Amino acid sequence: MKIVKIWLTDTVVWIRTDDGREACEEFSKYHRLRAASQEQRLTYRQSEEGLHWDELGEDLSFEVFFDTKPTTVLYNFFMHHPELNASAIARRLGMSQSLFAHYISGAKTPSSARMKEILQTIATIGSEVKMSPKVFPKIIFSTESDIGSHQGKSSNYCNNDYFSSQRYILSDFSLSLSIILIIFAQKV
């Protein structure tokens with residue numbers, strides 16, 4: 001396969017082959033590309049095998065553009081939440097990381113009992129994230145405006161009195177993650 005054209009949009013990288021086929025890969029699927037600026041994304045080099053972002057440490061094979069994409073529930077979940085560490089979840093389940101990766105990729109299918117166990121573990125993690133402000137009372141999730149309104153009131157922003165007087169606010173991330181995990185677990 002010979003690549004005759006490569007172009008990027010704000011959200012994807014496209015390729016066109018010499019036989020007229022076109023395909024794209026979304027930046028959101030790749031942590032480093034998702035977090036990169038458009039300028040960093042434009043700084044790639046092409047080889048016969050694929051695209052390479054040396055500064056970002058990311059490579060995409062041209063073959064991956066035409067691979068059939070898995071559509072398992074676990075694959076979709078982990079692609080939508082790349083901030084979650086699948087290896088750590090596998091360890092928590094007492095499962096080999098490679099087996100869990102096969103479940104996520106769709107190369108292997110877990111039994112219904114195993115799938116229920118996986119989803120329950122993910123839901124439990126979501127509940128723990130939701131409860132984290134009570135578990136770690138010295139850590140608060142605050143908005144920038146909240147911080148700005150307390151400047152000058154104390155020489156030490158991290159004063160224990162300040163923390164004890166504040167209500168604990170869940171970050172948008174932990175709240176949305178908890179909701180997603182609860183919905184996800186109810187589908188089983």
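What follows draws every value from the coordinates through simple rules; no lab data is involved. What you see is a predicted model, and the numbers here were worked out from it, not measured in a lab. In this analysis, Cβ positions are derived from the backbone assuming ideal geometry, glycine residues included, and neighbour counts consider all displayed protein chains.
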Assuming R0 = 35 Å, what is the FRET efficiency of Val64 and Ser127, from their Cβ-Cβ distance, to the nearest 0.05? 0.50
FRET E, pair Arg21, Thr109, Förster distance 30 Å, beta-carbon r, rounded to 0.05: 0.50
Under-5 Å amide H pairs with Gly50, H placed in peptide plane, nonlocal only: Phe62
Hey, how many Å between the Cα centroid of the range 1-45 and the Cα centroid of the range 91-109? 29 Å
Return the sequence-ordered ³J(HN,Hα) values of the range 24-39 in whole Hz as given by the Karplus equation 6.51 cos²θ - 1.76 cosθ + 1.60 applied to θ = phi - 60°, using x for Gly and Pro. 9, 10, 7, 4, 4, 7, 10, 3, 5, 6, 5, 7, 6, 6, 4, 4
Set the Förster distance to 41 Å, then compute FRET efficiency between Leu42 and Gln120 from the Cβ-Cβ distance, nearest 0.05. 0.40
Length gained when the stretch Arg32-Asp10 is fully extended (0.36 nm per residue, less Cα-Cα span): 6.5 nm
What does the range 14-71 give for Rg and for Dmax, in Å, if only its C-alpha atoms count? 11.7, 33
Tally Lys/Arg at +1 and Asp/Glu at -1 over every other residue whose Cβ is under 9 Å from the Cβ of Val12; what's the total? -3
